[in-house]
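Read-outs: derived from the displayed coordinates by stated rules, not from any lab. Since the structure is predicted, the reported quantities are computational estimates derived from the model, not experimental observations. Reconstructed Cβ throughout: ideal geometry from the backbone, glycine too, with neighbour counts over all protein chains shown.
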Amino acid sequence: MSNLTPCWGPTLSNKALRILIADEQHFQRMRIERLFNQLNYYRIAPVHNLEELLTLVEYGCEPFDLVVINASLAHGALNLLDFFRDNPQVRHAFIYDGQHAQLPLIPARDQQKIQVSLAVLPDLPSIQRCMAFVDPRLPSVGTVISVR
């Protein structure tokens, strides 16, 4: 007899991954952080403005594995695509509310590093899809693992 364990089980995620969440709204930062917590990611730094994000990224001791940012946070002051594409301190970026910022399409060569969502706020499935690139040890979304 076998038990079925969902792919987001506690033993599969890499708990050492560093995640930065940037959004002006405290409630939205907390909501996104809880989505990551559901997937057993807890090493999360929330920031509420672009200046804090830039400080943590530029002066951090080690790179962030993922930066999740509301596109409107840049307010045209920073080209997010160029910043994340060329920054060795950011391994992956997930930009949401991309329609609001009118971001161009991401070239195919950059799609594993930078993902853009038109949604106003990420949901669990979009976070899971993103984490498939960030934490490749995780099975694909919807995969069920049989445990004997």
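Quick query: amide H of Q115 versus all other amide H atoms, modeled in the peptide plane; which residues come in under 5 Å with a sequence gap of 5 or more or a different chain?
HN-HN under 5 Å from Q115: A93, F94, I95.
Using 0.36 nm times the number of residues separating T55 and Q99, minus their current alpha carbon distance, what extension gain do you get?
Here the segment from T55 to Q99 would lengthen by 13.2 nm.
Give the order of D86, D23, D65 when sorted by the count of other beta carbons within 10 angstrom, beginning with the fewest.
D86, D65, D23
For L78, what is the net charge nearby, where nearby means another residue's Cβ is under 14 Å from its Cβ and Lys, Arg count +1, Asp, Glu -1?
Overall, the nearby charge balance is -4.
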